1. Hey, what did the chain get for relative contact order, percent, Cα under 8 Å, at least 6 apart?
2. Determine the gain in length on full extension of the stretch residue 226-residue 117; use 0.36 nm per residue of separation and subtract their C-alpha separation, reporting nm with one decimal.
3. Estimate the FRET efficiency between residue 206 and residue 73 by the formula 1/(1 + (r/R0)^6), using the beta-carbon distance for r and 30 Å for R0, to the nearest 0.05.
4. When the distances between all Cα atoms of region 23-88 are binned every 5 Å from zero, what whole-number percent does each bin get?
5. Please report how far the C-alpha centroid of region 172-229 lies from that of region 1-74, rounded to the nearest whole angstrom.
6. So if R0 is 41 Å, what FRET efficiency would residue 159 and residue 66 give, r being the distance between their Cβ atoms, rounded to the nearest 0.05?
7. Any chance you could get the radius of gyration and Dmax over the Cα atoms of region 160-222, in Å?
8. Within the chain, what percent of beta bridges assigned by DSSP are antiparallel, to the nearest 5?
């Protein structure tokens, strides 16, 4: 039997790896950088160790991986890559735009991301979704003291939307995000539609406690529809 939420009063979307393919491109860049400074790293290893992290927890994870402090130019190189992506855009996760556009106009929704609001808003504009979430763009780096994997960001979004967290559905792709989403008390869909998701990624998310796993946005829609059945 497919797990289904008891009701869907609001949708909370992670961003990187759920709406845009930035997990794949970002981790390729990190892997290439680390390899170039003498720490051979594949994109798959980068995703396994760093996916979903931001700020100090991300830097700490990278330094644990390489066993030494990062060179000073790491931050410059990451900023250059981020600015390139902001200028050029990043492709959607397959089906993401159509799914968001298919939602009922009156269904509350928010973005809940470790990324900064500028990153989220700029890429939503690239995707033609600048109006899709209104002002409900929430950043674990800017809006809460404790970002993912803490549940605080999800609680904040639910409060701002005026919906009980227990009546929210969260769509997450990373183990870090899924950990916080499950702890929040919401119904959690682990989405494995992004190109960064390995064949066993759904099993990893289910082991963390994701209530349902969706291979694409059609399956997300099917899970949500069960709440109305």
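Nothing in this text is a laboratory measurement; each read-out follows from the coordinates by a stated rule. None of these values were measured; they are calculated from a predicted model. Note: ideal-geometry Cβ built from the backbone for every residue, glycine included; neighbour counts use all protein chains shown.
1. 29
2. Working: separation 109, 0.36 × 109 = 39.24 nm, distance 3.23 nm.
Full extension from residue 226 to residue 117 adds 36.0 nm.
3. Plugging the Cβ-Cβ distance into 1/(1 + (r/R0)^6) gives 0.15.
4. Each 5 Å bin holds this share of Cα pairs: 4, 17, 29, 32, 14, 3, 1.
5. 17
6. After rounding to 0.05, the efficiency reads 0.60.
7. 11.4, 37
8. 5
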